[in-house]
Every structure is written in structure tokens, then in C-alpha cells.
Amino acid sequence: MATDNRTNWHPESWQAKTAGQQPLYRDTEAVKSVVDRLGRLPQLVTHGEVEALKKQIAEAARGERFLLQGGDCAESFDDCTADNIANKLKILLQMSLVLVTGMRKRVTRVGRIAGQYAKPRSADMETRGGQTLPSYRGDLINRPPFTPEDREPDPELMLRGYERAALTLNHIRALVDGGFADLHHPENWDLDFVRQSPMEKEYREIVDSVRDSLQFMETIAGSRVSGSGRVDFYTSHEALHLLYEQAQTHQVGHDGRWYNMATHFPWIGMRTAELDGAHVEYFRGIANPVAVKVGPGMSAEHLKALIEVLDPHDEPGRLTLIHRLGANKIESGLPPLIEAAQATGRTVLWSCDPMHGNTEKTQSGIKTRRVENVFSELEQAFDIHQKMGSHLGGVHIELTGENVTECMGGASGLTEKDLERAYRSQVDPRLNYDQALELAMRVAGYRLR
Ligand code: PEP
Ligand code: MN
């Protein structure tokens, strides 16, 4: 594979570095064959789409737009169904409608979707009843049941993941092209169970007011308001499994830059952001817009160095920093990080993930999050950025369009008891439909009755 002379980088150069969170495959020949086959398959996204998203992220970094990024903690192959995909699109479209109306800003929608199949784990191995097996690392790598066969990393799953991602993207494109996201028809986004939602009345009022304004403007102008007929929708995932990402990295466009063509917007997770690690090495060479999760352990020096490596030329839209500090750490933790970024002179987009710093376990051992902590971290984030002459231009949320009970609190008052009822996530707890819509209303400044 050709090396990029300007940067001394190529899609495999990460292999000379220490790569955290990678599976240990036994059959190296099988891995090689999968990577070869994956590299020959059609690209999932286009160069034009990736560059269009980068422009929108640049606008958000300048305060002219807002980034809404959300989806499952981990997608599973079994959940790749038409309903699941449409429901995720519906909740993100409803949230963005609320945000656009309340913030008077354009909103860019990005799903944690079509590739969010690999998960970092705190331990490589798991022990149950005296037996020790590899941890489940996501459907891209192995399978959840606790048997030696299921937990053995299987390289063929990378091909199955590519196929699920392609099916998911195909369905999203068909829905969007078929007018699903048309602002004139927000009834397309209604979910079956919403009639019982405490958010219903407020949401209806917003929908009606948008419909009225559109009608008014179109009567005056005598034509459709531009951009109201369809919206863009982009994909993102944690680019954790580097062989999967490398195989789908291609030289495209006029200037021959390398792009990750498996997703529009990959991010580096908190556990793999070491400066001299393999993930940072891989990310520095791709031309996509990229993001890094910034957790409580990251020093100002580390952040500055990451910004230098990932965005050496201050390219508009290139770098998004997603802080995920926790409701009780953000007040002390965020200001030094903002100062560090400001000291580099770069224009980055700041986004807040109010989920991952607020995970807790109930007495009975269920992983959950309190909606009040999620809202609190987000509200503090807006205030802190504003006070420091910076601004928060996005949110990053784990959510689902399904009626699950994984996080506690919110307008429908879910309690610890409710977690037993409809807890479906294999990994982190997601906001359900009501909780996600309530979050959008809070962000947009709507006050609930
Ligand atoms: C995640 O986004 O699911 C995740 C693991 O996040 P983080 O890297 O911030 O812990
Ligand atoms: Mn998660």
C-alpha cells in the first residue's frame, strides 16, 4: 500500500504502535483474507458527503449550527431491522425539530449508527462460575453468550458488520430520499406509543407552529422553502477495531487524501486516546472530520498534544472534542480543558456527552443513569463554555426510539423498579423516547408545565 509522503503515514502504519482494545485472533491467515475482501467491497459513504459534513461541523464550531449526535451504545446485528432504523431516525428528527425551533439554529443530525459494533471493555477476560473466557467486545468481534465458541473472536464477523452497516445505510437513504424527513410531513416521525408520553402536548405545539410558519412563508414566497423537503443524515461510530477501519480506508477525491469510507465521522474513545497509541496514529492520516472523547483523566498537556497531532493545520470542521466528565466533575474538570484548547489557537467544535460520566450501578447490580444528572451535566456545560468565551456546539447522547426502561427519572418518573421491565441494552443504558425528547426540550430552552 502506498505511503503518503507528506505525512509518512499509511492505513497500516498504526500496526507499529501499541493498539489497545483489539481482539486476539488465532488464525492470522483468515484475518488477512477478511481484510483483503473487505477492502474490495464498495465504499459505504461518499467523499462528497464526508466533506459536506465537515463544512457543517465547521459552522457548528463557529456557533452557526448545532450538532445532534445520538444512537445506541452498541448496535447489535439482530437489531438491524426496518423498524429499529426508522425509530432511531424518528427520535433524532423529532429532537432536531425541537432544537431548530428553540435555538433558531440549523441542526446537523449524526447517528451512532451503521458501524457502532465494537466496544471497549474494562477487562480482556471475564470469569463466571470458575470459567474464564474472552470478554464480549461487540458483534463485530465475538458473540454475547458465555461459551468458548461464542467468545472466540471471529474475523468473518467484520464482513457481517460491513453488510449490516450497508443494509442500515441503504434503509436510511431510502427513507430520506422517499420524503420521510420532509418537514411538511412530521407525522411520518410519530411513534406508535407516543400518545401516552408526557412530552406529547409540548411536542405537538412545536410541530403545529413549524407547520404554520412553513405554510406562511410558502404562501408569501409562492414556492417551497429551500431545504424543507429533505434533511441530511450522517453516520458515526467509535473507530475502535482498527483492522475493520483500515480495510475500508481509501484514497479518494481530487487531491488523493485518505478517507475512512466506512463512516462519515469516526471518533476515538476515551480508553484509546494515548498520544503514541495506534488509534491516534490511524486517525491522524485520515481526512474525515474526527472526534475525540475527553474524560476526567485527560490532562491539559495531553489534550493540547492531541489537538496538534489531529488538527495540525487548523482545518475548519476537522476536530470535535466530546467531553464526558460527569455532573459532579464538570465544574472543576472542564475549565482547564477549554483553556488548553484555547491556548492552541485552533477552532474546534465542543460537544457534550452527558451519559458516560454519569453511569452508576443499582444495589442489585444494574447499570443505569439518572436523567437529572444527564440534564445537570448538560446545563453546566452550556454555562461553563459561555463563561469562558467558548461555546457548546453539540450534544452526544445514547438513546433509542424504543420504549425501554434503562435510565431512571425524567417526566414519566422511571424508578429503579422500572429498570426490570424493559431493559434491553447489552451494554450502556440509553435514554428512551420520552427522556430523549425531554432532553431536546431542555436544551432548546422549552419549559415544561
Ligand atoms: C461510548 O461512547 O459508548 C463509550 C464507550 O464512550 P467513552 O469512550 O467516552 O467511555
Ligand atoms: Mn456507551
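Coordinate-derived values only; no laboratory data. Note that the structure is predicted; figures quoted are calculated from it, not measured. Backbone-built Cβ (ideal geometry, glycine too); neighbour counts: all protein chains shown.
Points to keep in mind about this one:
- Potential lengthening of the chain between Glu163 and Asp232 amounts to 22.6 nm, from the contour at 0.36 nm per residue minus the alpha-carbon distance.
- Asp177 versus Glu301: modelled label distance in nm, points set 7 Å from Cα along the beta carbon direction: 5.3
- Taking 0.36 nm per residue of separation and subtracting the current Cα-Cα distance, fully stretching the chain between Ala123 and Thr28 would add 31.9 nm.
- Whether segment 33-106 is rounded, prolate or oblate, judged on the alpha carbon gyration tensor where a/c under 1.5 counts as rounded: oblate
- Normalised radius of gyration (Cα atoms, divided by 2.2 N^0.38 Å) for segment 127-176: 1.52.
- Distance from the Cα centroid of segment 289-367 to that of segment 89-109 is 23 Å (rounded to whole angstrom).
- Net charge dipole size for segment 306-411 [Lys, Arg +1 and Asp, Glu -1 on Cβ; Debye, nearest 20]: 220
- Legend: calculated FRET efficiency, Phe146 to Glu64, from the Cβ-Cβ distance at R0 = 45 Å, rounded to 0.05, equals 0.35.
- Phi-derived couplings, Karplus 6.51 cos²θ - 1.76 cosθ + 1.60 at θ = phi - 60°, listed residue by residue for segment 365-371: x, 8, 6, 8, 9, 9, 4 Hz, with x used for Gly and Pro.
- Extension gain from Glu372 to Thr347, taking 0.36 nm per residue of separation minus the Cα-Cα distance: 5.9 nm
- Taking every alpha-carbon pair under 8 Å whose residues sit at least 6 apart, the chain reaches a relative contact order of 21 percent.
- Each label was represented as a point 7 Å from its Cα along the Cα-to-Cβ direction; for Phe216 and Asp383 these points are 3.4 nm apart.
- Peptides 163-175, 21-33 ranked from most to least packed by the mean count of surrounding Cβ atoms within 10 Å: 163-175, 21-33.
- The DSSP beta bridges internal to the chain are antiparallel in roughly 25% of cases.
- Descending by average beta-carbon neighbour count within 10 Å, the peptides 128-138, 53-63 line up as 53-63, 128-138, the highest first.
- Peptides 305-318, 323-336, ordered by how many other C-beta atoms sit within 10 Å of their residues on average, highest first, read 323-336, 305-318.
- Sorted by Cβ density within 10 Å, fewest first, the residues Phe146, Phe66: Phe146, Phe66
- Label-to-label distance for Gln251 and Glu200 is 5.9 nm, based on points extended 7 Å past Cα in the beta-carbon direction.
- Listed by Cβ neighbour count within 10 Å, with the fewest neighbours leading, Lys119, Lys417 appear as Lys417, Lys119.
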